[in-house]
Amino acid sequence: MRRKLVVANWKMHGSLAQNQQLLDSFKAHLANLKHVDVAICVPYPYLQQAQSTLSGTPIAWGAQNVGKYPVGAYTGEVAASMLKDFGATYVILGHSERSTAYCESAENVAAKFVTAKNAGLTPVLCVGETLQEREAGVMEHVVSEQLDPIIALHGAGIFKNAVISYEPIWAIGTGLSATPEQAQSMHEFIREKIARLDPEAAMSVRIIYGGSVNPLNASKLAAMQDIDGGLIGRCSLNADEFEQICFAAENAAIKH
């Protein structure tokens, strides 16, 4: 049985003081969850703060990107080994905000995914379609094309114990959210695609949903069979809202 997972994506937000308030609240209120894993993905400069505050708790921390090379003359990049120096265990890859702003190709994301996995990090791979692509009915084809470069590099088995986050681009930061049924349908499609190639990997990969998740829709999303949790943006910057989402995932896991 896959454990639920809720990942906070702070994006380019935060300060030492603001972060400390959030981390202290998470530490006080989320450390006793029994059926949900929680990870906080912070901007690079705050990894040490996350490590210092969360060490010794069940709450994990991680980053929002990683370089695809292990070491070298790559100005501005951060290696997987550097993330591990600060106790990071998760790393978000392929988020549409990066793909759009920095023209990251699916092949580049695939290389980072394999680098992270080989370094012992848990990659959180973001996939999703635009509103135009959904309205055209090609959303499954689009998501397949985002997964195929990784499968081509190392086979579907690379997804074993990894995380895929389905994030419809039209729902990120817009206040719009896929319905639980829409999200479940795509999650089921992703799992079945992997299962055709590696059933064991399909059973272990956690497929979480991201895109305007909030305390009002979290319970219904978490109740879906193939939705294993959430990748939370805006609400992860509000301690009460993020904690409510984590509690919703905990309750859904108990009911399952």
- With respect to Leu23, is the statement that it is more than 19 Å from the chain's Cα centre (by Cα), modelled with pLDDT of 95 or more, among the aliphatic types (A, V, I, L, M) and under 19 Å from Ser236 (Cβ atoms) true? no
All conditions in (1) open to solvent by less than 30 Å² (accessible area, probe 1.4 Å); (2) under 17 Å from Asn9 (Cα atoms); (3) not aromatic (Phe, Trp, Tyr) are true of Gly173 except (1)
Note on the stretch 197-211: residues touching a residue at least 24 places away in the same chain (Cβ under 8 Å) and surrounded by fewer than 21 Cβ atoms within 10 Å (Cβ to Cβ) are Leu197, Asp198, Glu200, Ala201, Ala202, Met203, Ser204
Of Thr122, Thr100, the only residue that is at pLDDT 95 or above and of a type in the set (Ser, Thr, Tyr) is Thr122
With the first residue restricted to the stretch 156-167 and required to be aromatic (Phe, Trp, Tyr), and the second required to be assigned to a helix (DSSP H, G or I), Cβ contacts under 7 Å at 6 or more apart or on different chains are Phe159/Ile194; Phe159/Ala201; Tyr166/Ala183; Tyr166/Met186; Tyr166/His187; Tyr166/Ile190
#### Entry: Any chance Gln49 is farther than 19 Å from Ser219 by Cα, touching a residue at least 12 places away in the same chain (Cβ under 8 Å) and out of contact with any Cys (no Cβ under 6 Å at 6 or more places or on another chain)
yes
Subset of the stretch 30-72, residues open to solvent by 60 Å² or more (accessible area, probe 1.4 Å), polar (S, T, N, Q) and at pLDDT 95 or above, comes to Gln48, Ser52, Ser55
How many residues of the stretch 116-170 are within 18 Å of Ile208 (Cβ to Cβ) and either polar (S, T, N, Q) or touching a strand residue (DSSP E or B) at 6+ places or on another chain (Cβ under 7 Å) (or both)? The answer is 20
Do the conditions hold for Arg234, that is, is it modelled with pLDDT of 95 or more, within 15 Å of the chain's Cα centre (by Cα) and farther than 18 Å from Asp37 by Cβ? yes
Review point. Would it be correct to say that Thr122 is surrounded by fewer than 16 Cβ atoms within 10 Å (Cβ to Cβ) and among the polar types (S, T, N, Q)?
Key: no
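The values are calculated or read from the model by the stated rules, or taken from the named source; none is laboratory data. Quantities reported herein were computed from a predicted structural model and do not represent experimental measurements. No Cβ is skipped: glycine too gets one built from the backbone with ideal geometry, and neighbour counts run over all protein chains shown. Quick note on the areas: whole protein, heavy atoms, side chains included, nothing else; ligands and nucleic acids left out. Shrake-Rupley method; radii C 1.70, N 1.55, O 1.52, S 1.80 Å.
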